[in-house]
Each structure stands twice: as C-alpha cells, then as structure tokens.
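The values are calculated or read from the model by the stated rules, or taken from the named source; none is laboratory data. Not measured: the values here are computed from a predicted model. Positions of Cβ are backbone-derived with ideal geometry, glycine not excepted, and every protein chain shown enters the neighbour counts. Heavy atoms of the whole protein, side chains included, go into the accessibility calculation; ligands, DNA and RNA do not. Shrake-Rupley method; radii C 1.70, N 1.55, O 1.52, S 1.80 Å.
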Amino acid sequence: MLTAYDAVTASIVDDTGVDVILVGDSMGNAVLGHDDTLPVTLDEMASRVGAVARGADDALVVADMPFLSFGADESESIQNCGRMLKEEGANAIKLESGPHTVELTERLTELGIPTMAHLGLTPQRVNQVGGYTRQGTTDEAAAEIRELARAHEEAGAFSLVLEHVPSNLAAAVTDDLEIPTIGIGAGPDTDGQVLVITDAVGLSEEVPPFAERFGDVRGEMERAVAAYRDAVVDGSFPGPEHGHVEDDLDL
C-alpha cells in the first residue's frame, strides 16, 4: 500500500501493481503544508479521493477519514464515510481506531462500507499521546492493542494498519487475526506494508526513521526546474520549434 493525493500519482502507483492506494490524511503534512494531519477537512479529503479514484484502474482505493469527520455522531459519521464511496469513487474507508470505533465499524460494514482499522500510533491523537511516539511498548498497552485488533476484526474490519509499534507486537497481532495487517514502522512480519508516497519516492525533505527513500524525485524536480529557469533566462527556451508564425497576419 502507498498513499497518493492526485490522479497522476495514482495512475503511476496503479500501473506499478501496488495493491492498495490510501488517500491519507497525511496529505496535511505531505502536500498541504500543515504541521500535522488535524487541519485536513472532509471536503479536502473528498476532492483528493475523487482525483485518485479517477487515476487508478485496478488498485483498491481507500479514503482516510479526517479528524472529527467520524466518532462524534453515528449518523453523521456514516454519511461522511458513505460520501467517499458514493460520490468520490473510493472502494473503502479507513478509521483511526480505538474503543469508540468498534460499533461504528460494525455499522459501516452492515451498510456495505468496507472499513480498514488503524491501531498503534494514530496521528490524529498527536496532542493526546505527546507526539509521534512508539505505541504498545508496555504489557498493558500491547494487550490493549491486541484486544482492540480482535474487536475490530469481529466488528467486520477487512484489514488493519499497525503504525509505529514494536515488531514483535505487530507479529503477535498478525498471528491473532484472520484479516491482513499492514505495517508502517511495525517491522517485517505484518502481511503488507504502507508508506507515504513523498517519503518512498524521495520527495520529502526528511523521512521518518522507519521509512526509506527508494528514489530521488526531489532532486530530479530541482534539476528540471533549474534547467527551465536557466533556459528562459538565457533565451534558449522557447525556441523556433516551440512556436508558430502565422504568415497571413497583417502586423
């Protein structure tokens, strides 16, 4: 699984055979210029989900539900989640999960809205957990994650993201469940992996310690933009081949 936030990127990710495209609220940090995910709005998410759905033909498109778009009122939560499938073309939604999302997951599943759960580090709670710190590092915390994972599976979640938890805990959760687990900063023993696209392709200025740059897109873009700037300044662009002369104009 990789994130994408626009149709062009989605088409590239889809063409490479990646199974799942997550339209993550990570767009807040990755492309919208925010310090965290909290400012991302439902309308911003909907716009990006629609773009990604139009760009992807084969990958499963999952809409990440932004902060306060779910959980406060069940009816409103269902409508917001359903909008991503009905109006924007997503195949499923993802909820940053906790005890409060078990019943909602069950209800969404009953209504035909496939739901991906997310445990461990849940960035929408950054102000509550004291930053982007590893979760599940005590026996009590690990037991709670395992219990919540089983509860969400029983409620109908079709998969589970495990973020920034110890590798041995992620392996234990994976063994506990029948549904697939997808790790990020959770070691090699989950069923799948997810990264933010800007980290994976080398577009971010910095990447978290559990990510890896598999390319240097930022460097390539800087070189291309600098070459364009230089060509305009020195007059080599545009050249004769980039324009057209209309001989019949009376100028």
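Exactly one condition in (1) touching a helix residue (DSSP H, G or I) at 6+ places or on another chain (Cβ under 8 Å); (2) buried (at least 19 other Cβ atoms within 10 Å of the Cβ); (3) at pLDDT 95 or above; (4) among the aliphatic types (A, V, I, L, M) is not met by Val102; state its number. Of everything listed in (1) touching a helix residue (DSSP H, G or I) at 6+ places or on another chain (Cβ under 8 Å); (2) buried (at least 19 other Cβ atoms within 10 Å of the Cβ); (3) at pLDDT 95 or above; (4) among the aliphatic types (A, V, I, L, M), Val102 misses just condition (2).
Note on segment 65-84: residues that are crowded, with 21+ Cβ neighbours inside 10 Å and either aromatic (Phe, Trp, Tyr) or touching a strand residue (DSSP E or B) at 6+ places or on another chain (Cβ under 8 Å) (or both) amount to 4.
Against the test of being surrounded by 20 or more Cβ atoms within 10 Å (Cβ to Cβ), farther than 25 Å from Ser204 by Cβ, of a type in the set (Gly, Ala, Ser) and touching a strand residue (DSSP E or B) at 6+ places or on another chain (Cβ under 9 Å), the options Ala46, Ala59, Ala10, Ala92 yield a single qualifying residue, Ala92. Residues satisfying the criterion are absent from segment 208-227 (criterion: touching a Ser or Thr at 6+ places or on another chain (Cβ under 7 Å), under 18 Å from Met1 (Cβ atoms) and part of a loop (DSSP other than H, G, I, E, B)). Within segment 128-150, the presence of a residue that is out of contact with any Asp or Glu (no Cβ under 6 Å at 6 or more places or on another chain), touching a residue at least 60 places away in the same chain (Cβ under 8 Å) and closer than 30 Å to Asp57 by Cβ is excluded.
Applying the criterion of at least 2 residues that are closer than 24 Å to Val31 by Cα and not charged (D, E, K, R) to the helices (runs of 4 or more DSSP H) found wholly in segment 93-203 leaves 126-129, 197-200.
Just so you know, in segment 13-43 the residues that are touching an Asp or Glu at 6+ places or on another chain (Cβ under 7 Å) and among the polar types (S, T, N, Q) include one that is least open to solvent (accessible area, probe 1.4 Å), and it is Thr37. A single member of Leu203, Leu195, Leu160 is open to solvent by 40 Å² or more (accessible area, probe 1.4 Å) and under 19 Å from the mean Cα position of the chain (by Cα), and it is Leu203. Scanning segment 206-237 for residues that are open to solvent by 90 Å² or more (accessible area, probe 1.4 Å) and either under 28 Å from Ala117 (Cβ atoms) or of a type outside the set (Val, Ile, Thr) (or both) turns up Glu206, Pro209, Glu212, Arg213, Phe214, Glu220, Met221, Glu222, Arg223, Tyr228, Arg229, Asp234. Contact annotation: no residue pair with Cβ atoms under 9 Å, 6 or more positions apart or on different chains, pairs a residue in segment 57-72 that is closer than 15 Å to Val23 by Cα and modelled with pLDDT under 95 with a partner that is open to solvent by 10 Å² or more (accessible area, probe 1.4 Å) and in a loop (DSSP other than H, G, I, E, B).
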